Amino acid sequence: MFKSRCKTEGAPNPRRAFEMKQYAAADPNIPLQKDWSETWCTLPQPFDTVLGEVLNYEVRPDDVFIVTFIKCGTTWMQETAWLLLNNLDFAKSKELPQTQRSPFLDFHGIVTTAPNVVEYSKTLTSPRLLKTHMPANLVPRQIWQQKTKVIYVARNCKDVVVSSYHFAKNLRLWAGDNIEDFVTDFLNDEILYCNYWSHIVDFWKMRNEEHIFFVTYEEMKRNLGGVVQRLCDFLGRPQLSEEELQKTLDHLSFNKMKDNDKANITTVLKQHITTANDDFQFMRRGIVGSFKDELTPELQAKIDNWSRDFLAKHGLTEEDIFGKL
């Protein structure tokens with residue numbers, strides 16, 4: 001069903017917070033033709049058992065999946081899509097944590113002390129909004145069999161590197177202590193859910209499939225109202241009135257989201273990951289291009305060269321996907 005291999009070649013990486021492996025699986029129903037059995041994803045070793053639960057997950061006809069690489073605006077999109085699927089129920093969105101309204105199927109593979117999210121999700125009424133960070137070949141297989149709706153959010157590489165550095169370091173999901181080492185590990189697929197570009201490009205190539213809604217974090221920052229309108233069409237929901245749209249955009253503003261303890265999962269993560277640093281913040285800045293303040297020109301060039309080499313094999317540039325940053 002899936003295969004795994006040890007990531008270590010030579011001496012183990014001392015910056016690993018836990019044992020990691022790489023996983024891959026072939027699936028003939030994925031509309032993009034490639035050798036999926038050699039499309040690897042780096043995950044903690046508990047996925048030896050958890051991955052089977054995810055791949056064999058029973059999908060309902062009206063399920064909607066949000067799929068992203070880490071730190072790409074997942075929570076922002078979850079809140080957006082949940083409101084549209086639930087008739088703009090702002091009251092409920094402020095009563096129930098987002099983790100209960102839109103569960104993260106892979107979570108108990110990363111935090112082994114957490115409840116089994118796959119089992120919890122079965123108790124939810126339809127339509128369910130489900131989150132995963134898995135690449136295309138490791139999401140539930142029935143997504144591709146049933147052509148289940150998928151919302152995919154991508155974010156530019158350098159901002160993802162910086163955001164995931166603060167996330168992994170402060171949650172102790174990575175045992176290093178400086179961004180230079182983190183960049184090296186990110187580029188070498190030593191970080192959760194890497195390879196980044198394979199994750200992004202595979203879904204970008206499938207963006208024209210009817211059941212896939214592909215959007216970038218950058219577009220959401222530029223024109224969230226337009227994204228909401230497109231999303232209404234994709235989800236089969238009525239277009240919002242001007243008043244409803246403005247109320248929704250206000251609810252989804254970065255500052256409102258950061259101050260909303262039902263959407264900002266800082267506290268939830270600290271409860272499950274007790275080794276997290278005291279100053280950990282799940283939502284930090286939310287700015288496109290903030291990498292310019294935190295990455296040296298040398299690190300930016302290192303990431304750009306790595307990105308350029310990968311994308312050239314697919315006849316792509318970063319601008320093709322994200323536009324001008």
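The values are calculated or read from the model by the stated rules, or taken from the named source; none is laboratory data. Just so you know, these numbers come straight off a predicted model, no measurement behind them. Cβ coordinates were reconstructed from backbone atoms using ideal geometry, including for glycine residues, and neighbour counts include every protein chain displayed. The accessibility values were calculated without ligands, DNA or RNA, using every heavy atom of the protein model including side chains. Shrake-Rupley method; radii C 1.70, N 1.55, O 1.52, S 1.80 Å.
Quick look at the values:
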| quantity | calculated |
| --- | --- |
| Criterion violated by residue 151 - all others in (1) of a type in the set (A, V, I, L, M); (2) modelled with pLDDT of 95 or more; (3) touching a Pro at 6+ places or on another chain (Cβ under 9 Å) satisfied | (3) |
| Helices (runs of 4 or more DSSP H) wholly inside the stretch 60-179 that include at least 1 residues being basic (Lys, Arg) | 90-93, 98-101, 141-146, 157-170 |
| Flag for residue 188 being closer than 21 Å to residue 133 by Cα, surrounded by fewer than 18 Cβ atoms within 10 Å (Cβ to Cβ) and not acidic (Asp, Glu) | yes |
| The stretch 146-163 - residue that is of a type in the set (Lys, Arg) and under 21 Å from residue 78 (Cα atoms) and, of those, most open to solvent (accessible area, probe 1.4 Å) | 147 |
| Number of positions in the stretch 14-66 that are of a type outside the set (Phe, Trp, Tyr) and either open to solvent by 30 Å² or more (accessible area, probe 1.4 Å) or without any contact (Cβ under 8 Å) to a residue 40 or more places away in the chain (or both) | 26 |
| Test: residue 135 is modelled with pLDDT of 95 or more and over 20 Å from the mean Cα position of the chain (by Cα) | no |
| Breaking point among (1) open to solvent by less than 20 Å² (accessible area, probe 1.4 Å); (2) over 27 Å from residue 220 (Cβ atoms), for residue 120 | (1) |
| Per-region count, the stretch 234-283, residues crowded, with 16+ Cβ neighbours inside 10 Å, at pLDDT 90 or above and part of a loop (DSSP other than H, G, I, E, B) | 3 |
| Candidate set: the stretch 284-324, residues that are open to solvent by less than 30 Å² (accessible area, probe 1.4 Å) and in a helix (DSSP H, G or I); chosen: the one nearest to residue 167 (Cα to Cα) | 291 |
